[in-house]
Every structure is written in C-alpha cells, then in structure tokens.
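> For reference, the structure I am asking about is given below.
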Amino acid sequence: MIKKDKKIKLSSQKVTTEDIRKLVLARIEASTGDLGIIVGSKKQNKSKIIESVKRGDEFGQRIIDAHMAFLRGIAEGKIYGNE
C-alpha cells in the first residue's frame with residue numbers, strides 16, 4: 001500500500017504518493033466506460049478499479065504500479081519512442 005507521507009523526487013519537484021494516486025485516478029476516469037481487467041476468473045469493471053485505487057488496497061496498488069511503469073516507459077522512450 002502507498003504511504004501517504006512518502007515523497008518521490010522527480011526533477012526538481014517533489015511528488016507525493018497522493019499526487020500519483022490522483023494522476024492514476026484521472027487516467028482511469030478519462031478512459032472509456034467499458035474499461036475492465038480480468039484477474040483470475042473475475043472481471044473488475046472501471047468503478048471497482050477506481051474504488052481499489054482510492055482505497056489503496058493491494059489490487060489498487062498494482063494498478064498504480066502498472067500505470068506508473070507505463071508512464072515511465074513513455075518518458076524513457078521505451079514505449080512509442082526511439083529507444
């Protein structure tokens with residue numbers, strides 16, 4: 001789970017884990033209404049994904065980690081870029 005007081009340094013600014021959570025929530029909320037993820041044999045719909053991210057439970061943390069890995073990949077040019 002995310003610790004609320006943890007800070008991550010990006011460039012010259014400090015970004016809190018709450019900032020990261022808000023970013024991921026904004027990305028999910030901006031996605032199509034039929035967004036879903038299948039975990040095992042259960043489908044998690046968009047509203048359940050949002051709830052998990054807001055709660056910061058294990059599933060929500062995995063969603064946050066996946067979004068951040070994707071965004072880092074884009075920033076580093078590994079995705080959609082010149083590697």
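Bear in mind these aren't lab numbers, they're just calculated from the coordinates by the rules spelled out. As the structure is a computational prediction, the values presented were derived from the model and not from experiment. Please note: Cβ atoms are built from the backbone with ideal geometry, for glycine as well, and neighbour counts cover all protein chains shown.
> Considering only residues that are of a type in the set (A, V, I, L, M) and within 14 Å of the chain's Cα centre (by Cα), which ones fall in the stretch 36-73?
Let us first name the residues in the stretch 36-73 that are of a type in the set (A, V, I, L, M), namely 37-39, 49-50, 53, 63-64, 66, 68-69, 71.
Matches in the stretch 36-73: I37, I49, I50, V53, I63, I64, A66, M68, A69, L71.
> Can you find even one residue in the stretch 50-73 that is in contact with a Gly (Cβ under 8 Å, 6 or more places away or on another chain), of a type in the set (K, R) and farther than 22 Å from E18 by Cβ?
no
> Looking only at the stretch 24-47, which residues are without any contact (Cβ under 8 Å) to a residue 40 or more places away in the chain, under 16 Å from A66 (Cα atoms) and not in a loop (DSSP other than H, G, I, E, B)? Break it down into steps so the answer makes sense when it comes.
Filtering the stretch 24-47 for residues without any contact (Cβ under 8 Å) to a residue 40 or more places away in the chain gives 25-26, 28-47.
Subsequent filtering for residues that are under 16 Å from A66 (Cα atoms) retains 25-26, 28-29, 31, 35-39, 44, 46.
Answer for the stretch 24-47, where residues must be without any contact (Cβ under 8 Å) to a residue 40 or more places away in the chain, under 16 Å from A66 (Cα atoms) and not in a loop (DSSP other than H, G, I, E, B): L25, A26, I28, E29, G36, I37, I38, V39, Q44, K46.
> Filter the stretch 62-80 down to residues that are aliphatic (A, V, I, L, M) and in a helix (DSSP H, G or I) and give me whichever is farthest from T32 (Cα to Cα). Reasoning before the result, please.
Step one: of the stretch 62-80, the residues aliphatic (A, V, I, L, M) are 63-64, 66, 68-69, 71, 74-75, 79.
Narrowing the set further to residues that are in a helix (DSSP H, G or I) leaves 63-64, 66, 68-69, 71, 74-75.
Working: I63: 16, I64: 18, A66: 18, M68: 19, A69: 21, L71: 19, I74: 21, A75: 23 Å.
Checked the stretch 62-80; the qualifying residue farthest from T32 (Cα to Cα) is A75.
> Specify the residue that is farthest from R72 (Cα to Cα); the eligible residues are those in the stretch 48-61 that are among the small types (G, A, S) and assigned to a helix (DSSP H, G or I).
At the first step, the residues of the stretch 48-61 found to be among the small types (G, A, S) are 52, 56, 60.
Remaining after also requiring assigned to a helix (DSSP H, G or I): 52, 60.
Details: S52: 22, G60: 18 Å.
Filtering the stretch 48-61 for residues that are among the small types (G, A, S) and assigned to a helix (DSSP H, G or I), the one farthest from R72 (Cα to Cα) comes out as S52.
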